[in-house]
Amino acid sequence: MLLVASEDFSQIDVQRIGPLESELGFTSMKLVPDTNEILAIKVLEINDQTKTFITAFDLQGNFYLEPWMELVSSTIKYEGLAFL
């Protein structure tokens, strides 16, 4: 779920982003500069299994990558995003 609030929190909108996947958790979401698009990372950590997934979507919930594309290495956990 994505919560979008006005600057003074007088209006808060709730948007579901993709299906509920209880085994995955967000580690980072960043608004892409000069756009209304978000880049997000989700991670799966169960027993010895670690997988990191990435996607891009807009504030209306439209995906620009497959809903959750697995990153190349399935053994590394990514926990942050930055735009430099």
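Scanning the range 66-78 for residues that are of a type outside the set (D, E, K, R), touching a strand residue (DSSP E or B) at 6+ places or on another chain (Cβ under 8 Å) and modelled with pLDDT of 85 or more turns up nothing. Test SER10 against the criterion of being modelled with pLDDT of 90 or more and small (Gly, Ala, Ser), and give yes or no. Yes; evaluated as a whole, the condition is true for this residue.
Identify the residue in the range 55-74 that is within 16 Å of LEU24 (Cβ to Cβ) and part of a loop (DSSP other than H, G, I, E, B) and, among all such residues, is most open to solvent (accessible area, probe 1.4 Å). Walk me through how you get there before you give the answer.
Step one: of the range 55-74, the residues within 16 Å of LEU24 (Cβ to Cβ) are 55, 57, 63, 65-71, 74.
Remaining after also requiring part of a loop (DSSP other than H, G, I, E, B): 65-68, 71, 74.
Working: LEU65: 64, GLU66: 129, PRO67: 59, TRP68: 37, LEU71: 43, SER74: 50 Å².
Looking at the filtered set, the residue picked out is GLU66.
Flag: THR52 matches the condition of being open to solvent by less than 90 Å² (accessible area, probe 1.4 Å) and part of a strand (DSSP E or B).
Among the candidates PHE9, PHE26, which residue alone is of a type in the set (Phe, Trp, Tyr) and touching a strand residue (DSSP E or B) at 6+ places or on another chain (Cβ under 6 Å)? Write out each step before concluding.
Numbers: PHE9 fails: touching a strand residue (DSSP E or B) at 6+ places or on another chain (Cβ under 6 Å).
Criteria check complete, one pass: PHE26.
Here's the yes/no breakdown for (1) open to solvent by 40 Å² or more (accessible area, probe 1.4 Å); (2) assigned to a strand (DSSP E or B); (3) on the phi > 0 side of the Ramachandran plot:
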position: ASP8; (1), (2), (3): yes, no, no
position: GLY18; (1), (2), (3): no, no, yes
position: SER22; (1), (2), (3): yes, no, no
position: PHE26; (1), (2), (3): yes, yes, no
position: THR35; (1), (2), (3): yes, no, no
position: ILE41; (1), (2), (3): no, yes, no
position: ILE76; (1), (2), (3): yes, no, no
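Does the range 70-81 contain at least one residue that is more than 15 Å from the chain's Cα centre (by Cα) and among the small types (Gly, Ala, Ser)? Among the residues of the range 70-81, at least one is more than 15 Å from the chain's Cα centre (by Cα) and among the small types (Gly, Ala, Ser), which makes the answer yes.
Of all residues in the range 9-38, exactly one satisfies the criterion of being of a type in the set (Lys, Arg) and closer than 20 Å to LYS77 by Cβ, namely LYS30.
The values are calculated or read from the model by the stated rules, or taken from the named source; none is laboratory data. Just so it is clear, the structure is predicted and the values come from calculations on it, not from any experiment. When we count neighbours, we look across all protein chains shown, and the Cβ atoms used for this are built from the backbone with ideal geometry, even at glycine. Note: areas computed on protein heavy atoms with side chains; ligands, DNA, RNA excluded. Shrake-Rupley method; radii C 1.70, N 1.55, O 1.52, S 1.80 Å.
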